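Contents: one structure, followed by commentary.
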Amino acid sequence: MTELDSSVSGAGDTRAPARRPKRPGRQDWSSWPEYNAAATGFRGYWYPVTWSSHVNGKPLAVTLCGEKIALVRDNGKVHALHDRCPHRGVPLSFGDQQFPGTLSCPYHGWTFRLGDGELCAVITDGPESRICGKVRVQTYPVDERLGMVWVYVPLAGEEPHSLDSQLPEELLGNSFMLGGRIEPRTGNWRFACENGFDEGHAKYLHRTSLWRLFKPMPTWNITRIVPEGRWIYRVQDEVHWEADFPGVGRWTTKRWWKFQPPKETFNLGNTGKPKKVDPVIESYGFPGFASLAMPGMLRIAYPGFIHYEFYVPVDADHHQYVGVMVNFTEGWKSLGFYAKYLGAIRWLFHGQFSGQDAWMVDVTDAPPEKLYRPDVSLTAWRTLAEEETAKKRAEIGAK
Amino acid sequence: MTELDSSVSGAGDTRAPARRPKRPGRQDWSSWPEYNAAATGFRGYWYPVTWSSHVNGKPLAVTLCGEKIALVRDNGKVHALHDRCPHRGVPLSFGDQQFPGTLSCPYHGWTFRLGDGELCAVITDGPESRICGKVRVQTYPVDERLGMVWVYVPLAGEEPHSLDSQLPEELLGNSFMLGGRIEPRTGNWRFACENGFDEGHAKYLHRTSLWRLFKPMPTWNITRIVPEGRWIYRVQDEVHWEADFPGVGRWTTKRWWKFQPPKETFNLGNTGKPKKVDPVIESYGFPGFASLAMPGMLRIAYPGFIHYEFYVPVDADHHQYVGVMVNFTEGWKSLGFYAKYLGAIRWLFHGQFSGQDAWMVDVTDAPPEKLYRPDVSLTAWRTLAEEETAKKRAEIGAK
Amino acid sequence: MTELDSSVSGAGDTRAPARRPKRPGRQDWSSWPEYNAAATGFRGYWYPVTWSSHVNGKPLAVTLCGEKIALVRDNGKVHALHDRCPHRGVPLSFGDQQFPGTLSCPYHGWTFRLGDGELCAVITDGPESRICGKVRVQTYPVDERLGMVWVYVPLAGEEPHSLDSQLPEELLGNSFMLGGRIEPRTGNWRFACENGFDEGHAKYLHRTSLWRLFKPMPTWNITRIVPEGRWIYRVQDEVHWEADFPGVGRWTTKRWWKFQPPKETFNLGNTGKPKKVDPVIESYGFPGFASLAMPGMLRIAYPGFIHYEFYVPVDADHHQYVGVMVNFTEGWKSLGFYAKYLGAIRWLFHGQFSGQDAWMVDVTDAPPEKLYRPDVSLTAWRTLAEEETAKKRAEIGAK
């Protein structure tokens, strides 16, 4: 991980020149060619596309990584087909099921087997149709987790991995309750993902959100990016609640009518090691409260629950925001979490707070761009994406 | 007609390999280069653009074959001018008639003679204007038939033929009553035309239309295309009301609460000759009940009336659907037809049934495409268009 | 001013061939390359962008000459900044003022000094941010006159001139009352400007406007263009209230229920000199009642007031119409003008009459074009623009 290491090297040494981006004033994304090319997303990953309850026998059309896909549930299992009849280009999602285990195009009754996409009957060509078995539509691997339908977008030459191997580790084998929102949004998925892991903006952009009444945030931090396995973590080395800007003025978000900042601040350390570890964070075993992994999966660990965001590429100008909160309790204990989620979190956090992010993601327009010190979170993410993609390509090439 | 013959050769031999398209799996339209290039329609033909009653002294703007045209009625006669003042590009259809036999641009009063498009006065340049007689706008031949205004779109080097020579023969010299609809629709005119003559879709797509309560349709047919003069006809060699699809299931549209299929089936013949001819069809003298001619004129012969569809090119993504029904009766006898038309046909056939076609035409997206056996109707039509265009070009070249 | 002289030479000799455009039938704008290239306006000028009362501490986004600009008033003075944060491309106009004399980006609190656009604080990067002072956004000179905010669009290499030197001379040092409209409109600014000075259209296009009940207009004129200083003036050598067009008919806008044309007609002269000068026009010292100057500033001198139009380029397809009427009175005498303006002028002239112009400007589509005799006003304007731009370029090159 040479590139990643270099871009985070010395992150603990808060004032050292090496902490600043190596190419100050760089305007474009040419250092991250794979990332630069991934306007419609990275192929070779699973993406959540809708709630499981929204997929039934009536086909549902979705767009994922620029590809049109028809989803249909048959005998309990969800299937995904390329949403275009090869005959005349009509969307198969406009059709319906004339026979079990199949989907028929509405125009001429071309009937495709859901399992493998093979043309198994053409109603208007009779039982002896010669074209059957000679035409196929592409199918996509589908799985269901967290109450959602996930679709795997293939990468040429790569065998699909399991969905479980892509999910956050703590979601496997544990019981939990979940609440969330899936929302179509404008703007490229990369802006959404960068916004999610962005160290810099939350403290300023969200200063006016109601969520901030309960959750005080600093004015500025010194942040280090710590890679661990497939994740990168944001670790705070310094936290500053107020600041005097020379020649400009004093700035703070402290107000007498808001919750006050905590007396103790965890996860800090000029030495590169935390002075004291937040016991809640420690309970999850994470080095930092915010972490990110491919293909755009954000994890924010709060005391008592974890918030995840998935930035699902639709096309170059649209993405889908998937935000879920998970509480690791069971049975009647989870009622409290649900009350808290439905009564507050859903509206304040997944609603107004996240809406401010959606606003910025919509109007972000980069490159060109000028990066500053806190953008180490962005460059570390881009480097992570670049390296993981290079590794995939190497593995495919080795076969 | 070599190409057409070859694409329909052996059509009577229902199981012979020769019946299948010669280039199975062909994806593009490169075999029909003229047709492929005719996204905005074929030039050198008359097209119906609106009802005669809609054209009066106030200019009406229409778009035909990608050209903007101003229609205006003067002294009973409809005139068509290119809808752009050569002075500053303002649409002439925004103007009005300041003098009999002319149309004036609203901006500076440039006044064009309706008969030949010549600039005959410029109101703001005085009576001695030197530009008069030196500028013209293009005019288009106009005629009126079937209660509609028809405009001829010129083909360089070709003399316009008469509108009568382009109309269905049976409409000349006979008395008839007529009802119809003109409707702007999205989608290329060729998809609309191919849909109209398409042997394959009606039996499946329209299975849910109310029209089908009264008009049973088969599940699949064996169809032959028979050229005769400038028309091509669809002739059924086999009609199958139900089918068992191996490994998939049984399919039928028979229902106890619908009209039942006829006991006798006409126009069939494995020998290539009809076993028995439908007496109604025979009364018109047509070899089949559905026929098509350039430049996109469909004729469906029903007992007692004939239905015509004209697919009028607007631009590459829009066309105008012109559907008319004609009843060859006169006087008080026609009252029955009108009652039937206004009470049922207009809503069920020109409305809901035809609306299903409009839906498919809108979403058809070809090429690429994969053709199947019943698409012999499409390929025969494309070949007809290709050959008639080649003939036109040859005649122009010979001059 | 060779080109301009040649295009107006002999303008007094009303029937001489030399009066007609030298390149009859010319279709394009290749003779005016600077003008042809100025689709988004001429740089190096001041433009009025909004009413002064509309600019306050909350930033206002405007587009001028294709550039996005944020306007904000601080301590009484209006500032204009390029409306794009260099960090991530977010519009600064979405931000607000966190400190006096600055504007902060809403996303990460990048804070720019209004005076020079320099990045003077980054709230989320702390007081010792190293990027401060190293990044700037472009600022634009701003001034206020006539109750409006004016922005100077820079031309590379040119020092901004004062706004006063660009305003009509009579507005400097005189007291006056003013009423007006600012309105976004579709269509290129050049069509709007050409329409404003166009000798030809008013008499015909506006024949149906209510304004014309009180203001009779001729059918056609013989017009000369007289350059004087930076202005060009339209001077009428002949005025014809009615006309008989040979073979077409008689045309007049005289009606018994309208005001009648004046008995005396001023500003005429086949000799090239006015026979008699309109005393009102003379009082202003103008050679003609309609005049035009760069960068698209029209002046129509009426008895008692002057009407100005500024055609402000937004982008290639949109402009802003700024119409103001000025009455050179003071104190209680101006009440009469206000009553007249609010009671009639605003609705009839700035409203319906000007709306007819907006309609034509929207649908003008040139080049190609065919010019006629009265278009000497257009060609003289284009030549004026061409020459003044050439002069600017020469001055810059000489530095």
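The values are calculated or read from the model by the stated rules, or taken from the named source; none is laboratory data. Worth saying up front: this structure is predicted, and the values here are computed from it rather than measured. Note: ideal-geometry Cβ built from the backbone for every residue, glycine included; neighbour counts use all protein chains shown. For accessibility, only protein heavy atoms count, side chains too; no ligands or nucleic acids. Shrake-Rupley method; radii C 1.70, N 1.55, O 1.52, S 1.80 Å.
Which members of segment A:123-157 meet the condition of being under 30 Å from A:Ile182 (Cα atoms) and not in a loop (DSSP other than H, G, I, E, B)?
Selection gives A:Thr139, A:Tyr140, A:Val142, A:Asp143, A:Glu144, A:Arg145, A:Met148, A:Val149, A:Trp150, A:Val151, A:Tyr152, A:Val153.
Of everything in segment C:347-394, what is aromatic (Phe, Trp, Tyr) and more than 19 Å from B:Ile123 (Cα to Cα)? Give them in sequence order.
C:Trp347, C:Phe349, C:Phe353, C:Trp359, C:Trp381
Here are A:Glu170, A:Glu183: which of them is closer than 30 Å to A:Thr383 by Cβ, more than 14 Å from chain C (Cβ to nearest Cβ) and part of a helix (DSSP H, G or I)?
Just a single option satisfies the conditions, and that option is A:Glu170.
Do we find that C:Trp381 is free of Cβ contacts under 8 Å to residues at least 40 places away in the same chain and part of a helix (DSSP H, G or I) in this structure?
Judged against the criteria, C:Trp381 is not a match.
Can you pull out the residues in segment C:210-257 that are over 26 Å from C:Ala380 (Cα atoms) and in a strand (DSSP E or B)?
Once the filter is applied, which keeps residues that are over 26 Å from C:Ala380 (Cα atoms) and in a strand (DSSP E or B), segment C:210-257 yields C:Glu242, C:Ala243, C:Asp244, C:Phe245, C:Gly249, C:Arg250, C:Trp251, C:Thr252.
Could you check segment C:110-151 and list, in sequence order, the residues that are more than 11 Å from chain A (Cβ to nearest Cβ), open to solvent by 10 Å² or more (accessible area, probe 1.4 Å) and of a type in the set (Val, Ile, Thr)?
Within segment C:110-151, C:Thr139, C:Val142 qualify.
Would you be able to tell me the number of residues in segment A:353-378 that are more than 26 Å from A:Glu183 (Cβ to Cβ), touching a His at 6+ places or on another chain (Cβ under 8 Å) and assigned to a helix (DSSP H, G or I)?
The qualifying residues number 1.
Kindly list, by first and then second residue, each pair from a residue in segment C:58-85 that is within 14 Å of another protein chain (Cβ to nearest Cβ) and within 18 Å of C:Val135 (Cα to Cα) to a residue that is in a loop (DSSP other than H, G, I, E, B) and acidic (Asp, Glu), limited to pairs with Cβ atoms under 6 Å and residues at least 6 apart or on different chains.
C:Ala70/C:Asp83
Which of the residues belonging to segment A:50-68 are open to solvent by less than 20 Å² (accessible area, probe 1.4 Å) and over 26 Å from A:Gly179 (Cβ atoms)?
Matches in segment A:50-68: A:Pro59, A:Cys65.
Only one of B:His319, B:His350 is part of a strand (DSSP E or B) and either open to solvent by less than 40 Å² (accessible area, probe 1.4 Å) or touching a residue at least 12 places away in the same chain (Cβ under 8 Å) (or both); which?
The conditions single out B:His319.
Tally up the residues in segment B:170-182 that are within 17 Å of B:Leu298 (Cα to Cα) and modelled with pLDDT under 95, please.
Of the residues in segment B:170-182, 7 are within 17 Å of B:Leu298 (Cα to Cα) and modelled with pLDDT under 95.
Just the residues that are more than 29 Å from B:Gly285 (Cα to Cα) and of a type in the set (Ser, Thr, Tyr), please, taken from segment B:153-192.
If the condition is that a residue be more than 29 Å from B:Gly285 (Cα to Cα) and of a type in the set (Ser, Thr, Tyr), then B:Thr186 is the only one that fits.
What tally of residues in segment B:152-167 results from selecting those that are surrounded by 13 or more Cβ atoms within 10 Å (Cβ to Cβ) and of a type outside the set (A, V, I, L, M, F, W, C)?
Going through segment B:152-167 one residue at a time, the tally reaches 7.
Examine segment C:97-104 for a residue that is among the polar types (S, T, N, Q), within 14 Å of chain A (Cβ to nearest Cβ) and open to solvent by 50 Å² or more (accessible area, probe 1.4 Å), and state whether such a residue exists.
yes
Between residues in segment B:230-252 that are buried (at least 21 other Cβ atoms within 10 Å of the Cβ) and residues that are among the β-branched types (Val, Ile, Thr) and modelled with pLDDT under 90, which pairs lie under 6 Å by C-beta distance while being six or more apart or on different chains?
Taking only residues 6 or more apart or on different chains, the pairs are B:Asp237/B:Thr14.
Evaluate the following for C:Thr139: is it among the β-branched types (Val, Ile, Thr), within 22 Å of C:Glu159 (Cβ to Cβ) and modelled with pLDDT of 95 or more?
yes
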